[in-house]
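This report concerns only the one structure given below.
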Amino acid sequence: MGVELDLETEPIQAAELCGDHLEQVRAFTHDLADQGEILGLIGPVEIPRLWSRHILNCAVVAPLLRPGVVGDVGSGAGLPGLVLAILRPDVSFVLIEPMERRVAWLNDQVASLALANVTVTRARAEEVHPEHPFDQVTARAVSAFRTLIPLTAPLLRSGGELVLMKGARAEEEIEGAAKAIRKYRLHDVEVVTLGEGVLPDVTRVIRATVE
Ligand SMILES: C[S@@+](CC[C@H](N)C(=O)[O-])C[C@H]1O[C@@H](n2cnc3c(N)ncnc32)[C@H](O)[C@@H]1O
């Protein structure tokens with residue numbers, strides 16, 4: 001038995017942002033609302049705003065991805081990795097998460113959503129050495145840009161791109177990361193704002209390309 005489901009009404013934008021994949025995104029969202037608190041994946045205050053502050057904030061990132069392999073570092077509940085994997089079946093995803101209970105949840109969701117484009121790796125990012133470095137790496141709510149760079153940039157191929165979901169202080173985080181930006185040879189570092197006029201909270205993403 002799950003917790004009492006107190007999920008907000010599905011926002012009208014969900015249909016627009018999820019298109020043909022709405023049913024799958026809806027199934028994931030309802031499972032997360034139902035089991036997320038018990039499994040320690042998400043706090044109770046987040047459940048009533050799961051769609052507008054979490055699911056759809058991840059969904060707006062989908063158009064930034066290119067066909068290839070994306071590593072999602074610190075996937076946790078599957079944000080953004082599972083949402084993006086549902087919306088972009090043309091892209092392969094490797095979800096990297098060290099916590100056993102979260103890995104079990106991710107594997108269960110991959111199976112129940114029948115996602116053929118996802119593998120889950122139980123590891124810390126710094127322990128991962130992909131045979132074929134990733135084309136892009138995503139992360140959300142893992143750490144500040146300065147400390148996230150050493151965890152994520154080494155996973156990328158030359159010319160690969162970081163797509164890191166960030167809060168309102170993204171520009172300040174970039175200023176504070178000057179040393180790591182140089183050390184890991186990042187260029188074209190920029191903040192893009194997604195979901196403006198569509199979502200209550202815009203999504204801010206730091207994009208950067210590795211030399
Ligand atoms: C605050 S949670 C965010 C989870 C999810 N990305 C989200 O937005 O809901 C941070 C996640 O990063 C994972 N994590 C922490 N350090 C990590 C590392 N070095 N490598 C990979 N994952 C890490 C944690 O286990 C946790 O699941």
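For segment 68-81, indicate whether the set of residues that are surrounded by 16 or more Cβ atoms within 10 Å (Cβ to Cβ), under 12 Å from the mean Cα position of the chain (by Cα) and in a helix (DSSP H, G or I) is non-empty. There is at least one residue in segment 68-81 that is surrounded by 16 or more Cβ atoms within 10 Å (Cβ to Cβ), under 12 Å from the mean Cα position of the chain (by Cα) and in a helix (DSSP H, G or I). Identify the residue in segment 82-110 that is out of contact with any helix residue (DSSP H, G or I) (no Cβ under 7 Å at 6 or more places or on another chain) and charged (D, E, K, R) and, among all such residues, is surrounded by the most Cβ atoms within 10 Å (Cβ to Cβ). Result: 102.
The number of residues in segment 165-208 that are touching a Leu at 6+ places or on another chain (Cβ under 7 Å) and among the polar types (S, T, N, Q) comes to 1.
Scanning segment 129-141 for residues that are more than 8 Å from the ligand (Cβ to nearest atom) and touching a helix residue (DSSP H, G or I) at 6+ places or on another chain (Cβ under 9 Å), which turns out farthest from residue 89 (Cα to Cα)? Selected residue: 129.
Residues that are of a type in the set (D, E, K, R), in contact (Cβ under 8 Å) with a residue 60 or more places away in the chain, in contact with a Ser or Thr (Cβ under 6 Å, 6 or more places away or on another chain) and within 16 Å of residue 156 (Cα to Cα) do occur in segment 63-83, at least one of them. Summed over segment 111-129, residues that are open to solvent by 30 Å² or more (accessible area, probe 1.4 Å) and either basic (Lys, Arg) or touching a residue at least 60 places away in the same chain (Cβ under 8 Å) (or both) total 3.
Residues that are touching an Asp or Glu at 6+ places or on another chain (Cβ under 7 Å) and open to solvent by 50 Å² or more (accessible area, probe 1.4 Å) were ranked within segment 33-62; the one that is nearest to residue 104 (Cα to Cα) is 44. Given (1) more than 14 Å from the ligand (Cβ to nearest atom); (2) within 16 Å of the chain's Cα centre (by Cα); (3) open to solvent by 40 Å² or more (accessible area, probe 1.4 Å); (4) within 15 Å of residue 191 (Cβ to Cβ), where does residue 175 come up short, assuming only one miss? Among (1) more than 14 Å from the ligand (Cβ to nearest atom); (2) within 16 Å of the chain's Cα centre (by Cα); (3) open to solvent by 40 Å² or more (accessible area, probe 1.4 Å); (4) within 15 Å of residue 191 (Cβ to Cβ), the lone unmet condition for residue 175 is (2). Scanning segment 5-56 for residues that are within 14 Å of the ligand (Cβ to nearest atom), among the aliphatic types (A, V, I, L, M), in a helix (DSSP H, G or I) and touching a residue at least 24 places away in the same chain (Cβ under 8 Å) yields 32, 33, 47, 50, 55, 56.
Yes/no matrix, rows are residues, columns are (1) charged (D, E, K, R); (2) at pLDDT 95 or above; (3) closer than 21 Å to residue 167 by Cβ:
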| position | (1), (2), (3) |
| --- | --- |
| 43 | no, no, yes |
| 51 | no, yes, yes |
| 55 | no, yes, yes |
| 70 | no, yes, no |
| 74 | no, yes, yes |
| 86 | no, yes, no |
| 90 | yes, yes, no |
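Looking at segment 1-32, which of the residues that are of a type in the set (Gly, Ala, Ser) and out of contact with any Asp or Glu (no Cβ under 8 Å at 6 or more places or on another chain) is farthest from residue 81 (Cα to Cα)? Of everything passing the filter in segment 1-32, 15 is farthest from residue 81 (Cα to Cα).
The values are calculated or read from the model by the stated rules, or taken from the named source; none is laboratory data. These numbers were taken from a predicted model, which means no experiment stands behind them. Don't worry about glycine lacking a Cβ; one is built from the backbone with ideal geometry, like all the others, and counts go over all protein chains shown. With ligands, DNA and RNA removed, areas are computed over all heavy atoms of the protein, side chains included. Shrake-Rupley method; radii C 1.70, N 1.55, O 1.52, S 1.80 Å.
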